[in-house]
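Read the structure below first, then the notes.
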Amino acid sequence: MMGMQAANLQNLPENYVMKFWIYHAMTWPQISYVAEDHKGRIVGYVLAKIEERNENENEPQPVHGHVNSISVLRSYRRLGLAKKLMILSQQAMKEIYKAEYVSLHVRKSNKAAIGLYRDTLGFEVAKVEKKYYGDGEDALSMRLELKDI
């Protein structure tokens, strides 16, 4: 978890306290993955969860996954690691939890990530969430149906 947090701190403006990492690792250990270099150092990760059902809703909601964070160190980008990490997580969501879809948020300005999610992995923009991030930037809320994987 320390390696995942280090990659997060190095690459992303949204950072999490260790309690957050531990909670995910203990609750949904099967759907988060890391990529390591030849020395065993973590060079990328995907941190995911299963959205819990809201007991107060009248209609049962489908089980779905959510990608909280994904990051690959700059020197390891463009090698297909992010795609592989995402696919592993999506497959586990579907096989283990029977998730129907996966969602994520991405900064509207992050063109590289949007290209990966939309063009490579097949995500679609579900909606724009205004001022989602702490600095006021909008987020694209994206979704991928898992029926075809």
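The values are calculated or read from the model by the stated rules, or taken from the named source; none is laboratory data. Computed from a predicted model, the values in this text were never measured in an experiment. Cβ: placed from backbone, ideal geometry, glycine included. Neighbour counts: every protein chain shown. The area values use the complete protein model at the heavy-atom level, side chains included, leaving out ligands, DNA and RNA. Shrake-Rupley method; radii C 1.70, N 1.55, O 1.52, S 1.80 Å.
Worth pointing out:
- Estimated vicinal HN-Hα couplings, Hz - region 133-139 in sequence order (Karplus 6.51, -1.76, 1.60; Gly, Pro = x): 8, x, 8, x, 6, 6, 10
- Three-way shape label, region 40-149, alpha-carbon gyration tensor, a/c 1.5: oblate
- Accessible area of K108 in the full protein assembly, 1.4 Å probe (Å², nearest 10): 90
- Close amide H partners of N68, meaning residues 5 or more places away or on another chain with modelled amide H under 5 Å apart, are L47, A48, K49.
- Cut-off under 5 Å, modelled amide H: who pairs with L146 long-range: Y101, V102
- In this structure, the pairs whose alpha-carbon distance is over 31 Å, taken from K39/K131; K19/K147; K39/K127; K39/K147; K83/K130; K83/K108, are K39/K131; K19/K147; K39/K127; K39/K147.
- Here the label points at N110 and E137, each 7 Å from Cα along the C-beta direction, are separated by 0.8 nm in the simple model.
- Stretch gain in nm, segment L88-K39, where the contour uses 0.36 nm per residue and the Cα spacing is subtracted: 15.5 nm
- Solvent-accessible surface ranking, highest first, for F123, F20 at 1.4 angstrom: F20, F123
- Residue by residue, region 26-38 carries 3J(HN,Hα) couplings of 7, 8, 10, x, 7, 10, 10, 9, 10, 10, 10, 7, 5 Hz when phi is fed to the Karplus relation 6.51 cos²θ - 1.76 cosθ + 1.60 (θ = phi - 60°); x denotes Gly or Pro.
- Scalar couplings 3J(HN,Hα) for region 84-90, obtained by applying the Karplus form with A = 6.51, B = -1.76, C = 1.60 to θ = phi - 60°, are 4, 4, 5, 5, 4, 5, 4 Hz; x denotes Gly and Pro.
- Order of exposure, largest accessible area first, which applies to R78, R41, R107, R143 with probe 1.4 Å: R78, R41, R143, R107
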